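Notes for the one structure printed next.
The values are calculated or read from the model by the stated rules, or taken from the named source; none is laboratory data. Because the structure is a prediction, the values reported are computed rather than measured. Methodologically, a virtual Cβ is constructed for each residue, glycine included, from the backbone with ideal geometry; neighbour enumeration extends over all protein chains shown. All accessible areas refer to the heavy atoms of the entire protein, side chains included, with ligands and DNA or RNA removed. Shrake-Rupley method; radii C 1.70, N 1.55, O 1.52, S 1.80 Å.
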Amino acid sequence: ATLSFAAPNEVALVDRDLHALIKAGMFKWPADRFQLKSLSEYVQPASIDLPVSGNVFLVRDKILPFRRKVAALLKEMVLEERSLKGEGAVLLKGQTYLIHVGEIELPPDARGCLSAKSSIGRVDLMVRGIVDDCGLYDTIPGASRRDFWLEVSPRSFNVRIREGLALTQLMIFRKAEAEPIDLSGVVFNASGQLTEPQLHRGSLVLSLRVPPVGAAEEIVGYEAIATNEVIDLANIGGHDPSRFFRPIGTTIKDERLTLEKDRFYILATKEYLSISPDLSAEMVPFSQHVGELRAHYAGFFDPGFGMSGENKGTVGVLEVRPHETITIYDGQPIALMDFFRNSQQPEKPYGLSGNNYQGQKGPKLAKYFKCSRPY
């Protein structure tokens, strides 16, 4: 099967291109801030992780600064200001915070798209980018220098962040001719066999995995539990998962799962995905027809995802928050995936650049938790 490019006149920039843009001065940090030896340390195969620094502002409202400057709106919005230096700051669930990242200027023929990092989405931390004069989340127009901010909203857990940590990542697309994309080698089943991609309006359909009772997989997923404990995002592998999540076992009849309103779940796709080095991908919402729910917070899939060793694909992990109680079944459509042709093959595909989730075979918690399961 082939997939016509969603935006046929643009390509995704990869690590080689991103290093060049950084060297050309695409980003600018205030002089009194955390100083990076090189932002190049944060470059991924087809995206850049963007570190935070300076202060974090607790604000009354969420804003989209259409034809306005965020800094000019802060005076009437800020309730509290805290530094991210040293031990950093604890952000409380249910609150909204703003962090000034720096200035960004993309080339005139380029646009930027932002998404929370995978580990950030897996702890129910909603992170969205906003830039001056733009009325859209996670969107950076080209051709002008703009102040770039993050809106951070912890949902299930209190979190501690500090300077130098990256909460979001940036993909950059540049206008260029691109060939149609062949998806015939992208989707595998659990047995490692290629399967025919299911398409919806030019996007790949992803479905939910609910294994039957007695299946080899131990769990269906995880559900967040109520707690006032803090997840320190600098403490990798240091948290007891049982204090934050409960596993959902395969004792469910009829391969179905009931998701409770306003709860947070870590689930997985039924599809095993393998993204070749010449492609990048983004998970996007399906439509209102799948029910009132959010299926993911972190959407980018780097070139090389699911291509490690002899593994035939890797499942996509879903960060699900339903807005109404709903029962869903194994194989039920839950999200879409858009694919993009890369400008060239990356120097270091996914799995060769310090990534954490290559080869996951089921729902996997974020890297902040002690690993007690093979997933």
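Summary of values
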read-out: PHE264 vs. criteria aromatic (Phe, Trp, Tyr) and either farther than 16 Å from LEU204 by Cα or modelled with pLDDT under 85 (or both); value: yes
read-out: Test set (1) under 22 Å from ALA234 (Cα atoms); (2) at pLDDT 90 or above; (3) over 16 Å from the mean Cα position of the chain (by Cα) - SER372 fails condition number; value: (2)
read-out: Search result, residues across region 235-280 that are charged (D, E, K, R) and in a strand (DSSP E or B); value: ARG246, ARG256, LYS270, GLU271
read-out: Matching residues, region 59-95, being open to solvent by less than 20 Å² (accessible area, probe 1.4 Å) and touching a Lys or Arg at 6+ places or on another chain (Cβ under 6 Å); value: MET77, LEU84, GLY88, ALA89
read-out: Residues (at pLDDT 75 or above, open to solvent by less than 30 Å² (accessible area, probe 1.4 Å) and over 19 Å from GLY112 (Cα atoms)) located in region 278-295; value: ALA295
read-out: Hey, VAL101 touching a Phe, Trp or Tyr at 6+ places or on another chain (Cβ under 6 Å), at pLDDT below 95 and not aromatic (Phe, Trp, Tyr) or not; value: yes
read-out: Pick from region 74-97, criterion in a loop (DSSP other than H, G, I, E, B) and under 22 Å from ASN228 (Cβ atoms), ranking: farthest from the chain's Cα centre (by Cα); value: GLU87
read-out: Candidate set: region 98-119, residues that are among the charged types (D, E, K, R) and in a strand (DSSP E or B); chosen: the one least open to solvent (accessible area, probe 1.4 Å); value: GLU103
read-out: Candidates VAL78, VAL59, VAL70, VAL90, filtered to the one that is within 17 Å of LEU167 (Cα to Cα) and among the hydrophobic types (A, V, I, L, M, F, W, C); value: VAL90
read-out: Subset tally (residues that are within 12 Å of LYS175 (Cβ to Cβ), modelled with pLDDT of 90 or more and either of a type in the set (Val, Ile, Thr) or in a loop (DSSP other than H, G, I, E, B) (or both)) for region 1-28; value: 2
read-out: Hey, GLU310 open to solvent by less than 60 Å² (accessible area, probe 1.4 Å), among the acidic types (Asp, Glu) and either at pLDDT below 85 or in a strand (DSSP E or B) (or both) or not; value: no
read-out: Residue selected from region 167-188 under the condition open to solvent by 10 Å² or more (accessible area, probe 1.4 Å) and modelled with pLDDT of 90 or more, by the criterion farthest from the chain's Cα centre (by Cα); value: ALA176
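Okay, residues lined up against (1) touching a residue at least 24 places away in the same chain (Cβ under 8 Å); (2) out of contact with any helix residue (DSSP H, G or I) (no Cβ under 9 Å at 6 or more places or on another chain); (3) over 28 Å from HIS296 (Cβ atoms):
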{"residue": "LEU74", "(1), (2), (3)": "yes, yes, yes"}
{"residue": "VAL78", "(1), (2), (3)": "no, yes, yes"}
{"residue": "ARG82", "(1), (2), (3)": "yes, yes, yes"}
{"residue": "GLY94", "(1), (2), (3)": "yes, yes, no"}
{"residue": "LEU98", "(1), (2), (3)": "yes, no, no"}
{"residue": "LEU114", "(1), (2), (3)": "yes, yes, no"}
{"residue": "ALA143", "(1), (2), (3)": "yes, yes, yes"}
